[in-house]
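All remarks here apply to the structure that follows.
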Amino acid sequence: MSGPTPTPTPTPLPPPPAARPARYDFLNSKPPPNYVAGLGRGATGFTTRSDIGPARAAPDLPDRSASAAAAPAVGRGRGKPPGEDDGDDDGGDEEKGYDENQKFDEFEGNDAGLFSNADYDDDDREADAVWESIDQRMDSRRKDRREARLKQEIEKYRASNPKITEQFADLKRKLADLSAQEWESIPEIGDYSLRNKKKRFESFVPVPDTLLEKARQEQEHVTALDPKSRAAGGTETPWAQTPVTDLTAVGEGRGTVLSLKLDRLSDSVSGLTVVDPKGYLTDLKSMKITSDAEISDIKKARLLLKSVTQTNPKHPPGWIAAARLEEIAGKLQAARQLIERGCEECPKNEDVWLEACRLASPDEAKAVIARGVMSIPNSVKLWLQAAKLETSDLNKSRVLRKGLEHIPDSVRLWKAVVELANEEDARLLLHRAVECCPLHVELWLALARLETYDQARKVLNKAREKLPKEPAIWITAAKLEEANGNTQSVSKVIERGIRSLQREGMDIDREAWLKEAEAAERAGSVLTCQAIVKNTIGIGVDDEDRKRTWVADAEECKKRGSIETARAIYAHALTVFLSKKSIWLKAAQLEKSHGTRESLDALLKKAVNYNPRAEVLWLMAAKEKWLAGDVPAARAILQEAYAAIPNSEEIWLAAFKLEFENNEPERARMLLAKARERGGTERVWMKSAIVERELGNVREERRLLEEGLKLFPSFFKLWLMLGQMEDRLGHAAKAKEVYENGLKHCPSCIPLWLSLASLEEKISGLSKSRAVLTMARKKNPATPELWLAAIRAELRHANKKEADALLAKALQECPTSGILWAAAIEMAPRPQRKGKSSDAIKRCDHDPHVIATVSKLFWVDRKVDKARTWLNRAVTLAPDIGDFWALYYKFELQHGNVDTQKDVLKRCVAAEPKHGEKWQAISKAVESSHQSVEALLKKAVVALDADETLNPAGA
């Protein structure tokens with residue numbers, strides 16, 4: 001039996017290779033904060049698709065350390081045989097985990113090797129199809145927007161960078177509308193190409209003085225020898241002789257040359273083109289040829305005109321142009337020769353002969369024009385030119401009569417010869433002229449003016465037979481009748497003339513006949529003017545438009561200064577519209593402005609006869625009598641008016657005013673008492689109180705005011721008068737009570753608020769007045785007068801800051817108030833007033849307060865003409881404000897003369913101002929009653945002088 005088999009001794013295995021250390025453990029670890037790979041060697045950080053895609057996640061990467069320990073195999077690249085090694089001993093492929101030789105994928109980059117061995121099955125294909133359809137859908141949604149944005153960018157680029165062809169496309173289209181002459185007048189462009197230009201460097205160096213001196217010595221002619229030369233016998237020049245150079249003279253010479261060049265440059269006006277509309281040859285005489293370019297142009301023009309005259313020698317303008325070209329070039333003899341040839345080639349053209357006469361010398365001009373009239377005996381221009389060359393009137397008349405032998409029907413020749421003749425010869429010539437030219441009305445009319453009355457009538461009758469459609473003959477006949485005292489025949493002649501013209505089929509143009517009427521008025525034929533207006537003013541005007549049209553015609557004639565024509569239009573209109581008060585008033589205004597007192601009185605008498613119920617006509621008639629100084633006549637007119645209109649308050653008040661202004665207070669008091677008994681209005685009570693105030697009857701005045709307020713509690717003037725009476729008597733508490741009661745009935749009455757504030761300021765000081773004005777502004781917003789009163793109250797108490805703040809608020813609430821802007825200009829510091837004035841004028845350009853304040857600034861700056869202009873503008877815009885007239889008159893007293901002062905005074909009296917802050921205070925004072933406008937104006941000027949703000953700039 002055998003023993004146990006011995007166990008073989010195991011062969012010792014080689015020791016396992018040592019595991020390589022994991023050199024890329026940091027790939028699975030989180031990098032330190034703010035770590036940028038390669039920053040130490042100058043690299044910069046960047047982000048790839050793998051940084052934001054799935055390749056960055058740790059589970060997608062194999063465990064490098066585990067794979068290295070388990071299978072330390074050498075990696076192979078795609079398509080690489082298993083037994084082939086690349087000879088890299090450092091295990092680079094194993095360390096990278098992919099083969100560098102694999103194909104690069106567009107989407108996944110080099111990471112495509114991770115999925116290179118995966119199968120591409122149906123699920124992958126379906127997923128790719130789904131994603132592709134999504135991509136197409138998203139692309140189609142943004143396609144329209146993308147294309148629109150792209151188109152907009154392209155258009156914007158093309159608009160900012162247009163092509164040359166696009167820039168001149170509109171001009172190229174306009175070339176189709178050019179005429180042949182415009183096309184030929186386009187100048188030819190020269191050759192400006194670079195290939196024909198030699199590039200050379202031009203340097204401008206000042207000429208040295210030595211060179212100038214040498215040139216002077218070379219041009220110098222010496223006829224005598226100097227002493228040194230004579231010492232040498234004249235056979236040699238001393239070597240030591242040195243010319244003395246006067247550098248000062250040389251410098252002065254250079255300065256003279258430079259000044260001449262500058263003067264030549266200053267005389268040339270570049271960039272301006274002067275074109276004579278009469279023709280392109282008219283202004284050639286004034287041209288001066290100074291440059292080579294102009295000489296070249298002359299040569300080209302000469303060549304062209306030579307071609308014209310040779311190819312078409314019978315073309316007169318060619319010869320004329322060629323002659324004028326030579327005249328411009330300074331070759332007058334050549335010009336005469338050319339025009340002489342033109343006369344030979346074109347002997348029947350009068351323009352060529354006239355040009356030849358112009359170019360000929362004064363001695364030869366008569367011979368040239370004589371040849372011309374022999375060639376063209378029927379040319380009126382040549383005969384007139386021949387007469388112009390003569391010096392005496394007798395020779396001119398002979399030439400013209402010789403021309404009339406050849407051209408007996410030339411009106412121009414007849415007129416010229418008649419102008420040179422005396423009256424008797426002119427009459428004989430005109431007899432012959434009307435026989436030769438029977439259809440020319442001017443010759444007939446001229447003959448009629450030279451004949452006696454009977455012969456003139458015969459001449460005009462013959463003219464009417466020859467020219468039955470000429471209205472000037474009839475008008476001249478009417479003037480003839482008027483000039484010889486046949487006033488009854490004037491209207492008949494015009495009437496017959498219009499009927500005759502209408503029978504001949506002529507249209508009567510009303511506007512043209514009115515102009516003839518104005519012309520007749522200017523000629524002094526007033527009756528003819530009236531007859532024309534009477535017979536033509538209604539032609540072509542509808543019945544419903546007659547009044548408006550005739551009044552407009554009369555006003556236009558009045559503006560043009562044709563007073564008689566306007567008077568005739570109104571006279572005819574009043575025969576049609578007897579009861580139209582407006583036309584009577586227009587006619588009365590015309591007579592008042594341009595007529596006499598007698599004519600105005602006669603017109604107003606007719607007016608009140610035809611319109612007995614028109615108050616304004618009665619009042620106007622009475623006022624004119626009063627102004628004429630005839631008070632009894634004015635009383636009689638008002639009595640007639642009262643009989644015609646017994647219940648007219650205006651008539652009662654006019655009668656009261658007539659008596660009151662003529663110092664008849666008892667008569668005025670009786671009239672007002674009767675008016676009150678008849679139930680007069682509030683104005684009657686107010687006038688009654690005014691009469692009692694002037695007479696000093698305080699008790700009666702108070703009684704009338706109180707009774708009037710019981711009847712008319714909402715009439716604010718009665719409250720004002722009562723309060724002012726109490727204040728005048730020193731009863732401040734009663735005055736305050738009156739004002740407060742008045743404001744209860746009239747809360748929107750600004751004068752009551754202002755009177756109460758002024759009274760409170762006088763009694764209790766600024767604070768109480770300020771409270772009253774604040775309350776007034778709350779109840780009456782956007783009222784500039786209240787703001788201005790508050791501002792002035794602050795200024796009176798030296799509160800400049802508060803006043804400025806109030807002014808700013810006021811201008812915000814009332815941005816177009818002239819009185820506030822005027823106050824702003826006056827309150828501004830002097831350097832700022834100009835800017836403030838500009839702002840005020842922009843806000844309210846036509847406000848008289850602003851204009852008057854600006855005129856004060858001009859006044860202070862001694863700009864007298866501007867100040868006068870602006871003051872005149874102020875009184876023109878607001879003639880009813882007396883303060884502006886006072887300012888204007890004060891200005892003329894300082895800077896004007898006697899005539900300007902009288903003119904301002906006269907205009908102020910005619911305007912009869914009623915308003916104005918200072919003006920009303922003066923005119924309504926008891927001591928100023930019954931005073932004239934002139935006296936009130938002078939008082940207002942004194943008040944301006946006494947005022948603290950008499951400085952015209954408001955300083």
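Things to note:
- For LYS366, a cut-off of 20 angstrom between C-alpha atoms picks up these lysines, skipping any fewer than 8 places away in its own chain: LYS348, LYS381, LYS388, LYS396, LYS402.
- Nearest-20 debye value, segment 619-675 charge dipole, Cβ charges on Lys, Arg, Asp, Glu: 80 debye
- Placing unit charges on each Cβ (+1 for Lys and Arg, -1 for Asp and Glu) gives segment 824-927 a dipole about its Cα centre, and among LEU893, MET827, PRO848 the Cα reaching farthest toward its positive end belongs to MET827.
- Hydrodynamic radius of segment 354-417 by the Kirkwood approach over all distinct alpha-carbon pairs: 11.6 Å.
- Segment 458-601 - convex hull of alpha carbons, volume per residue in Å³: 112 Å³
- Couplings for segment 858-863, taken from phi via the Karplus curve 6.51 cos²θ - 1.76 cosθ + 1.60 with θ = phi - 60°, read 4, 4, 5, 7, 6, 8 Hz in order; Gly and Pro are left as x.
- Each other residue within a Cβ distance under 11 Å of PRO187 adds +1 if Lys or Arg and -1 if Asp or Glu, for a net charge of -2.
- Overall Cα dimensions of segment 749-891, principal axis frame, Å, largest first: 46, 32, 24
- Dipole size of segment 315-380 about its Cα centre, with +1 on Lys/Arg Cβ and -1 on Asp/Glu Cβ: approximately 40 debye, rounded to the nearest 20.
- Evaluated with a Cβ-only charge set (Lys, Arg +1; Asp, Glu -1), segment 787-918 carries a dipole of roughly 380 debye about its Cα centre, given to the nearest 20.
- In straight-distance terms, cross-link reach from LYS863 covers every one of the lysines whose alpha-carbon lies under 29 Å from its own, apart from those fewer than eight places away in the same chain; here that gives LYS834, LYS836, LYS842, LYS890, LYS902, LYS906, LYS918, LYS938, LYS939.
- With the highest mean first, a sort of the peptides 430-437, 163-170 on other beta-carbon atoms found within 10 angstrom per residue produces 430-437, 163-170.
- Those lysines that a straight Cα-Cα span of less than 19 Å connects to LYS214, excepting residues fewer than 8 apart in one chain: none
- Percent carbon-and-sulfur accessible area, segment 484-556, ignoring ligands, DNA and RNA, probe 1.4 Å: 41 percent
- Positive-end extreme of charge dipole, segment 496-624 - chosen from TRP584, ALA566, ALA552 (charges on Cβ): TRP584
- Shape call, segment 826-888: gyration tensor on alpha carbons, a/c limit 1.5: oblate
- Surface share of carbon and sulfur [accessible, 1.4 angstrom probe, percent] for segment 739-895: 54 percent
- Note on segment 407-505: Kirkwood radius taken over Cα pairs, Stokes-Einstein applied at 4 °C and 1.567 mPa s, translational D equal to 93 µm² s⁻¹.
- The residues of segment 418-465 present an accessible area of 59 Å² per residue when probed at 1.4 Å with all protein chains retained.
- Across LYS779/LYS856; LYS657/LYS710; LYS492/LYS515, pairs whose alpha-carbon gap is larger than 31 Å: LYS779/LYS856
- For segment 317-358, the per residue solvent-accessible surface stands at 44 Å², with DNA, RNA and ligands left out and a 1.4 Å probe.
- Measuring nothing but how far apart in sequence close Cα pairs (under 8 Å, 6+ apart) lie, relative to its length, segment 812-955 scores a relative contact order of 24 percent.
- Per the Kirkwood formula applied to alpha carbons, segment 736-824 shows a radius of gyration over Rh ratio, Rg over Rh, of 0.96.
- Greater than 25 Å apart at Cα, pairs in LYS469/LYS586; LYS547/LYS606; LYS462/LYS534; LYS592/LYS924; LYS605/LYS674; LYS736/LYS924: LYS469/LYS586; LYS462/LYS534; LYS592/LYS924; LYS605/LYS674
- The candidates HIS846, HIS895, arranged from most to least accessible area with a 1.4 Å probe in the full protein assembly, appear as HIS846, HIS895.
- Surface composition of segment 421-468: carbon and sulfur make up 49 percent of the accessible area, probe 1.4 Å.
- For the set LYS559/LYS625; LYS717/LYS809; LYS306/LYS331, the pairs lying more than 26 angstrom apart at their alpha carbons are LYS559/LYS625; LYS717/LYS809.
- Per residue, the solvent-accessible area of segment 742-793 (1.4 Å probe, heavy atoms of protein chains only, all protein chains present) comes to 46 Å².
The values are calculated or read from the model by the stated rules, or taken from the named source; none is laboratory data. Because the structure is a prediction, the values reported are computed rather than measured. Cβ atoms come from the backbone with ideal geometry, glycine included; neighbour counts cover every protein chain shown. Only protein heavy atoms, including side chains, enter the accessible area calculation; ligands, DNA and RNA are left aside. Shrake-Rupley method; radii C 1.70, N 1.55, O 1.52, S 1.80 Å.
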